[in-house]
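Written below as structure tokens is the structure these notes are about.
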Amino acid sequence: MKDESIERICNLSPMQEGILFTHIYDPSSDAYIVQMAMELVGDGDLSNLVESFQVLIQRHEVLRSAFVWEQLDQPYCVILKERKADVVQVDVSDLPPDSQEEAVRKFIKEDRDRGFKLDSDLLMRLSALKLSSDRYKILFTYHHIIIDGWCMGTVFHDLIENTNRLREGLQLLPKPEYSYRDYLAWLKKQNRETALSYWSEYLRDCPDSTSLPYVDVSRYGYSRRERSLDLTREESLGLEKIGRDEELTSNTLLQCVWGLLVQRYSNRSTVCFGNVVSGRPADVLGVGSMVGVFINTIPLIFSSDCSMTFLELAKKIQSDFRKGETHGYVSLADILKRSESGGDLFDHLFVYENFPTSDGMSDGTAEAQSGFRIENIEASEQSSYDLNVKVGPGERIKVLFDYNGERIKEEFIELMVDHFKGVVQQILANPNRKVDEIDILTPGEKRRFIEEYNATQADYPADLLLHEGFEKQVRLTPDAPAVRYEEEWLTYAELDRRANRIADALLSDYDLAPGEFVGVRLPRSFEMVETVFGVLKAGAAFLPLDIEYPAQRSLSMLESAGVRLLVEYEAGDAIGFQGDIFDVRTLEGREFPSSVAGHERRASDVAYAIYTSGSTGQPKAALMEHGGVVNTIVDVNDRFSVGQDDVALGISSLSFDLSIYDIFGSLACGASVGIVPEADRRDPSR
């Protein structure tokens, strides 16, 4: 571009910097390309509209922008003195309706795919497709780097007004008194460090990135989809009344509705999502009618505790949001750098689209002086975020879920819609409701959770004892492998004989009483498995002790359970136990009994005890009955179809409840269990 064609050169606003960065990163992306289509109906002269569009480009300097950055220390916006607008006109009026619709769709797509070259193209273009003698499809396509949605009311007002004046032969609108350069001058005077210091403090306690679980980040591509929720007139008026009574904006109330959903979806009390702010400071004269890019995205940390009411939360969020708006004149990239992670804090946006519109932009407007009326307005913009929740105020508040259909399933969006409406209704019923009392589940979800997901009732052997599932399997597959330790195996029959020998010794040598607790302090081995079966076969209960427990903890557990007999390898008192010590290795060479007549037990009797640290730090026992454990084992084996072809990896300590399934669950259905030696269990490489 030649120097004489340049009106002036200026810096970019924070939002423009972010948009330009996205474009440089992926020039082929159509993110930030906005298309607005509408139909003009009437006997107006289209040439007046075309000329008015050229006048519009000259009237607002930002529409004559070009952006340069290559081989420069920073990017700049170049305002050209003149830009010529080439309006594309296509006649499809002779096509049949179906073909005409297809031709229009194809044209709109090709126009979008055409994109923009930010350093050379006019960044707003107008196309007119003639549908019939009195109907045109008008397409505005522009790049978001030059204007935001707030501006469109002013842009359309100027376009239609000058179209009218051209038709009537009147003088055109004068140049606006205030322009985007006034905003940029204000921006230059702001203290960036003050703003960035605010964001550093605000983000200090912000958690890592909040990601919605419904977004499948493994998928690529962008397929824009929409789902709208229209609140009823009564619901909209109800929110307006709460806002008026409590001095809260509709934006705040609906931010809080969404924030509560994000908390539940993320299972966090503190979450973060992006909020788009208008970026038009009230102390800049004429800012409301300026044309340019003012909006910015700022993070909103949404945090609550269960004692808060909804209104208390809303007032806190409104205060935080207003402070953020005040300091929202720095770019999102610079804001995010001030977080501890230094990266993205959210994966979606909340947008309250409270910008003014011209009367000439509303569907069903009266016949305009231009000879046209405007109908069927549609707008399309693809975001760089997979989800954008857009709220439009009005007599009936509209909530638009604008999302990437490649990454978010429609069924999840439908849930969001139902959840959003449900929370609104609960707030309207009682705005002083505690936030933890707000229920996001729909009646259908509650029914599924309560009825279907809990419909787990099934027949199971209610009188079966914990070890008897193994004994039944012994009869079915006596020669099948049951337990492996290092390179050796025991079959079901071999394990059963060894367990019977231990049970016989417990009954004959130690006069074991029914239900008496026997301490089991053994390393991971065949003997460990044999012993717990032997204790149960004898009609007693076992108390597992990890060999790495401190002596005092083990002694405390043994004393609490009233244990008088401890099974371990030590011949003496390794932990200072004063009762009887039984080293099962001494049974080698002893005959295997043909059967064992253990004490009679019932399913309601205790099979074993697992000790936890307890709330006081002292070991506390959980007593596990035969029937309850058998119920769990039967359910797991049935639910996951565990059978003879399966092998369980016995890696948990016997004192940890998971080990019970490894041993008793696996051996109740014909599977086998591999006992991992202590050295291997501690070595990740093995």
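Can you spot a residue in region 557-569 that is at pLDDT below 90 and within 20 Å of residue 528 (Cβ to Cβ)? So far as region 557-569 goes, yes, one or more of its residues are at pLDDT below 90 and within 20 Å of residue 528 (Cβ to Cβ). Scanning region 478-496 for residues that are in the same structural domain as residue 546 (by TED's automatic domain parsing), among the basic types (Lys, Arg) and within 46 Å of the chain's Cα centre (by Cα) turns up at least one hit. Filtering region 9-28 for residues that are surrounded by fewer than 21 Cβ atoms within 10 Å (Cβ to Cβ), assigned by TED's automatic domain parsing to the domain that holds residue 144, touching a Lys or Arg at 6+ places or on another chain (Cβ under 7 Å) and of a type in the set (D, E, K, R) leaves an empty set.
Residues being surrounded by fewer than 13 Cβ atoms within 10 Å (Cβ to Cβ) and of a type outside the set (Asp, Glu) are entirely absent from region 30-46. Looking at region 1-117, the strands (runs of 3 or more DSSP E) lying wholly inside it that each contain 3 or more residues that are over 23 Å from residue 184 (Cα atoms) and at pLDDT 95 or above sit at 88-91.
Please find, among 73, 113, the residue that is touching a residue at least 40 places away in the same chain (Cβ under 8 Å), within 43 Å of the chain's Cα centre (by Cα) and surrounded by fewer than 11 Cβ atoms within 10 Å (Cβ to Cβ). None of the other options fit; the residue is 113.
Taken together, 387, 336 contain a single residue that is under 22 Å from residue 441 (Cα atoms), within 31 Å of the chain's Cα centre (by Cα) and modelled with pLDDT of 90 or more, which is 387.
Of everything in region 39-59 that is among the hydrophobic types (A, V, I, L, M, F, W, C) and touching a helix residue (DSSP H, G or I) at 6+ places or on another chain (Cβ under 8 Å), the residue that is nearest to residue 79 (Cα to Cα) is 57. Highlighted here would be helices (runs of 4 or more DSSP H) found entirely within region 165-282 that include at least 3 residues which are out of contact with any helix residue (DSSP H, G or I) (no Cβ under 8 Å at 6 or more places or on another chain), polar (S, T, N, Q) and assigned by TED's automatic domain parsing to the domain that holds residue 26, but there are none. The residues of region 243-265 that are within 20 Å of residue 439 (Cα to Cα) and surrounded by fewer than 19 Cβ atoms within 10 Å (Cβ to Cβ) amount to a single one, 264. Of all residues in region 264-319, those satisfying the criterion of being among the acidic types (Asp, Glu) and either modelled with pLDDT of 95 or more or within 30 Å of residue 61 (Cα to Cα) (or both) are 283, 312.
Filtered by the rule that a residue be under 26 Å from residue 652 (Cα atoms) and among the aromatic types (Phe, Trp, Tyr), region 493-525 gives a lone residue, 517. Out of the residues in region 76-103 meeting the condition of being among the hydrophobic types (A, V, I, L, M, F, W, C) and more than 18 Å from residue 46 (Cα to Cα), tell me which one is surrounded by the most Cβ atoms within 10 Å (Cβ to Cβ). If we take residues in region 76-103 being among the hydrophobic types (A, V, I, L, M, F, W, C) and more than 18 Å from residue 46 (Cα to Cα), then 77 is surrounded by the most Cβ atoms within 10 Å (Cβ to Cβ). Within the set 562, 534, 515, the sole residue that is crowded, with 23+ Cβ neighbours inside 10 Å and within 51 Å of the chain's Cα centre (by Cα) turns out to be 534. The criterion of being at pLDDT below 95, more than 38 Å from the chain's Cα centre (by Cα) and under 30 Å from residue 56 (Cβ atoms) does not hold for residue 188.
Taking region 468-511, which residues are within 15 Å of residue 673 (Cα to Cα) and out of contact with any helix residue (DSSP H, G or I) (no Cβ under 7 Å at 6 or more places or on another chain)? Scanning region 468-511 gives 481, 484, 486, 487, 488, 489, 491, 494.
For region 380-411, the set of residues classified as part of a helix (DSSP H, G or I) and either within 17 Å of residue 259 (Cα to Cα) or in contact (Cβ under 8 Å) with a residue 40 or more places away in the chain (or both) consists of 410 only.
The values are calculated or read from the model by the stated rules, or taken from the named source; none is laboratory data. Every value quoted in this text rests on a predicted model; they were computed, and no experiment measured them. Cβ coordinates were reconstructed from backbone atoms using ideal geometry, including for glycine residues, and neighbour counts include every protein chain displayed.
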